[in-house]
Amino acid sequence: MKQNLILKYFTEICQIPHITGQEKDLALYIADILREHKCKVQIDKLGNVYAYKTGKLEKPGICFQAHLDMVGDKIPTSNHNFKTDPINYYEDRGWIKAKETTLGADNAAGIAIILALFTDPNVIHGPIEAVFTVQEETTTIGAMKLSNDWIKSLYLINVDSEDDTEIIVGSGWSCDFSGFLPIQRQARDDETTDLSVKIMNGLGGHSATTIHGNHANIIVETFNILKLVSLKYPLRIIDVKSSTQLNAIPSYCDVILNIKRSQVNHFKQAFLSQFNLLVSVHQLDDKHLSLVINNVKGRSDPLTLLDSVKLVNLVCAANHGLNSYNLTFNIPNTSTNLGKLIIGNDEAQLGWMQRSSNEYELNKLNTKLNSLFALVNGKCKVTNITAGLTINHDNRLATQVQQIAKTIFQHDMTLQLTHAVLEIGEIAKHYPQVTAISLGPNIKFPHTPRETVEINSIFYIFDLLKETLKTIK
């Protein structure tokens, strides 16, 4: 029954569009199910959902938490509309995958597991609660502004991790860094032409869990090559098209530029030469990179040569990827991901997601970018600062779950920190009395169109939490 129930919920969730900012219908779906199963349910003005259910056992209360939204990303040729279309998924050798888009197993799998725990009559439990939050993938405002009088439980379990051999007992800090570069445009010279330079088919990936995996940031790599080639063949940028998710490593970038007609062939040869070097560097990971250079007609006048140079230099000078590493826990310590570059009429906007294991190092990352923008008379803004979960060296919940996994399921689980941001860091600020952990099923390539979740791992996490509810002390 549990398998049919969990997959039933997962399937129904995939039928409801729920990218960040579009979570209302999913929230109502969850609320209806929980009310049907005799739960007390509340929805706050932000769209967060809270549920409480009494139980037969006299056990410490456990609150389960997941987020409602998903990252919407797709391959460049897909016509999928995340605001209206369901996720089209299929099973492949025990793993669930989507066609041409992100799957949203982050966090649909967690939601389905929690719903099954609340509705499966074979689950025996004490008092249980659930919190489903909005906008985890962007602002984390749902967790930041969570009501201070919802959670009464002693324990909090976030079901939003991606490795079923780990119990997360500490998480990272993060923030969004936006930089604004003033630009001017200038009419084309009659002796110039426009080109589209497009690098595609990068692996992409989650900007926390794969930032140290040598996955090419295609925006950064495109601009690095443009910097090298433009030293000999000056160019003026017209537009940039790429993904705009700060928490995902960009997998493609299309730069529309203006160049002297007499230099086009030499430019193409020089760019291709550097691209081939890029491919050789990533032949073991980003091995499907492709390049297309076409003649086009840009819709706007190009940037001035000076502002084009400033923009290219700015992208190339900024940090990207892994900055420092935590050898104790074998995870990144600090990292930076350029996930957005939008060129307007008089301003170019660049967006980074900054991550760190502590607030001080996060501030250092922001200081460096602030300094770069000061050099080009730009402006900066830091938003959505999300607190990490401070490691608790006496985490009774973690050790109990670890013991249950070992003795009941012969499954080894290690206590671990994560570079990713988890909402339990913010929730713990509202509820300092709770002891919190995070766990979840095996998910590969989250935040990319290659996202996939292991079915048996979903069932294992459900069984582990079911047993935890029965034996928790």
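Quick note: the coordinates plus some simple rules give every number you see, no bench work behind them. This is a predicted model, so every value here is computed, not measured. With ideal geometry, Cβ positions are generated from the backbone for all residues, glycine too; neighbour counts draw on all protein chains shown.
Tabulated data for the structure shown
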| quantity | calculated |
| --- | --- |
| Fully extended contour minus Cα-Cα distance, from ASN358 to ARG261, at 0.36 nm per residue | 29.8 nm |
| Cross-link reach list, lysines versus LYS152, counting only Cα pairs under 24 Å and skipping chain neighbours closer than eight places | LYS38, LYS40, LYS45, LYS53, LYS56, LYS59, LYS429, LYS466, LYS470, LYS473 |
| Mean separation of Cα contacts under 8 Å, 6 or more apart, over the residue count of the chain: relative contact order % | 25 percent |
| Contour minus Cα-Cα distance for ASN326 and PHE409 (0.36 nm per residue) | 26.9 nm |
| Rh (Kirkwood; distinct C-alpha pairs) - the range 98-204, Å | 19.5 Å |
| Where trypsin sites (Lys or Arg not before Pro) fall in DSSP loop in the range 1-110, at most 14 other Cβ within 10 Å | LYS38, LYS45, LYS56, LYS83, ARG93, LYS99 |
| Peptides 434-440, 176-182 ordered by average Cβ neighbours within 10 Å, highest first | 434-440, 176-182 |
| Ordering of 356-368, 132-144 by burial proxy (mean other Cβ atoms within 10 Å per residue, highest first) | 132-144, 356-368 |
| Over the range 329-473, volume per residue of the alpha carbon convex hull, in Å³ | 152 Å³ |
| Paired Rg and Dmax values of the range 301-406, which use every Cα atom, in angstrom | 19.2, 64 |
| Computed Kirkwood radius, in angstrom, where 1/r is averaged over Cα pairs of the range 177-321 | 15.7 Å |
| Ordering of 191-200, 398-407 by burial proxy (mean other Cβ atoms within 10 Å per residue, highest first) | 191-200, 398-407 |
| HN-Hα J in Hz across the range 403-409 - Karplus 6.51, -1.76, 1.60, θ = phi - 60°, x for Gly and Pro | 5, 4, 4, 6, 7, 8, 10 |
| Extent along principal axes [Cα atoms of the range 238-308; Å; largest to smallest] | 38, 31, 22 |
| Cα centroid of the range 387-422 to Cα centroid of the range 58-121, whole Å | 23 Å |
| The range 21-88: projected area of the alpha-carbon convex hull, averaged over directions, in nm² | 6.5 nm² |
| Inverse of mean 1/r across different Cα pairs in the range 327-381, Kirkwood, Å | 12.8 Å |
| From phi via Karplus (6.51, -1.76, 1.60), per-residue ³J(HN,Hα) for the range 158-166 in Hz, x at Gly/Pro | 7, 9, 9, 9, 10, 8, 7, 9, 10 |
| Label assignment, Rg/Rh (Cα atoms, Kirkwood Rh) derived from the structure, set [x] 1.12; [y] 0.95; [z] 1.01 | [z] |
| Cα-projected label distance for LYS45 with ASN295, points at 7 Å along beta-carbon direction, nm | 5.8 nm |
| Long-range amide H partners of CYS63 with built H, under 5 Å | GLU129, TYR155, LEU156, ILE157 |
| The range 101-158: C-alpha pair distances exceeding 13 Å, % | 71 percent |
| Square roots of five times the Cα gyration tensor eigenvalues for the range 1-125, Å | 28, 17, 11 |
| Relative contact order of the range 29-175, defined on C-alpha pairs under 8 angstrom at six or more residues apart (%) | 36 percent |
| FRET efficiency, 1/(1 + (r/R0)^6) with R0 30 Å, evaluated for ASP92 and SER371 via beta carbons | 0.05 |
| Whole-Hz couplings from phi, Karplus 6.51/-1.76/1.60, listed for the range 188-202; x for Gly and Pro | 5, 7, 4, 8, 10, 9, 9, 10, 9, 10, 10, 9, 9, 6, x |
